[in-house]
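Asks: The structure is given below, and queries will be raised subsequently.
The numbers here are math on the coordinates, done by the rules we state, and not lab data. Remember, predicted model here, so these are calculated numbers, not experimental data. Glycine also receives a Cβ, built like all others from the backbone with ideal geometry; neighbour counts cover every protein chain displayed.
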Amino acid sequence: MQSSEIRAFDTPENLKKFLEEEISKLRSLLGDYLRRLEEIRLKADRMKKAHDALSKIAGEKQMPSFEGREVDLTGMKVLVNPSPKQETEVVEDLVKALQGKLDALQKIRKAIDPLTTFEGGIVTISAVLVDNVPIRLMVYLKP
């Protein structure tokens, strides 16, 4: 579920500060998930090697998979006992989404630089935010 709001900023610098704080939070969060992803990938690799070894020992070409079960809960996917491979896919999707949000915020921060050249108090900004990403700005010039 996305959160949406309109937030007012007294100056373009305050909007830029808000964006920089969001970028900083996202970078930290992204770093945490990338570390977690690496741990899960290592675990998935160990599980695959163990599965392959068991296949050789059992003399079977196709061993049963240890994949978790996916259940649909009113439109939400629920993984019951996800395998490391499934967990990797989930975290990879999350990392891609966070990276996309980070890229968008960085582009917006750069795009609003011209607004910071206005003299103090002459411009206020209202931003329509969806998940703390501006999707529309309303710039008000004061006389």
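Asks: Over the chain, with a Gaussian network built from C-alpha contacts below 10 Å, which listed residue (28, 83, 55) shows the highest mean-square fluctuation?
Replies: Looking only at 28, 83, 55, the largest GNM fluctuation is found for 55.
Asks: Now for a different question. Measure out, as a whole number of angstrom, how far apart the alpha-carbon centroids of the stretch 101-128 and the stretch 1-23 sit.
Replies: Using only Cα atoms, the two centres lie 9 Å from each other.
Asks: Ok, one more. Set the Förster radius R0 to 25 Å, insert the Cβ-Cβ distance between residue 69 and residue 28 as r into 1/(1 + (r/R0)^6), and round the FRET efficiency to 0.05.
Replies: With a Förster radius of 25 Å, E is 0.15.
Asks: Name the most mobile residue of 79, 34, 98, meaning the one with the largest mean-square fluctuation, in a Gaussian network model of the chain with Cα contacts below 10 Å.
Replies: The residue that fluctuates most here is 79.
Asks: At a threshold of 8 angstrom on Cα-Cα distance, excluding pairs fewer than six apart, so keeping six or more, what relative contact order does the chain reach in percent? All intermediate terms of the calculation are to be shown ahead of the outcome.
Replies: Details: 149 pairs, mean separation 59.2, N = 143.
Rounded, it is 41 percent for the chain.
Asks: If the cut-off is a Cα-Cα distance under 18 Å, which lysines reach residue 16, setting aside same-chain residues fewer than 8 apart in sequence?
Replies: Reachable lysines: 25, 101, 107, 110.
Asks: Taking the simple approach of a point 7 Å from Cα along Cα-to-Cβ for both residue 17 and residue 41, what is their distance in nm?
Replies: Going from the residue 17 label point to the residue 41 one covers 3.8 nm.
Asks: Then there is this: What's the angle, to the nearest 10 degrees (0 to 90), between helix 12-58's Cα axis and the longest principal axis of the chain?
Replies: Once rounded, the angle reads 10 degrees.
Asks: Taking the Cα atoms only, what angle lies between the long axis of helix 84-111 and the longest principal axis of the chain, rounded to 10 degrees?
Replies: That works out to roughly 20 degrees.
Asks: Can you run the Rg to Rh ratio on the chain? Use alpha carbon positions and the Kirkwood inverse-distance Rh.
Replies: Numbers: Rg = 23.0 Å, Rh = 18.8 Å.
Across the chain, the Cα-based Rg/Rh ratio is 1.23.
Asks: Once every DSSP H run of n ≥ 4 in the chain is given -39500 (n - 2.57) and the sum is divided by its residues, what mean residue ellipticity at 222 nm do you get, rounded to the nearest 500 deg cm²/dmol?
Replies: Details: 2 runs with 75 residues, N = 143.
Per the formula, -19500 deg cm²/dmol.
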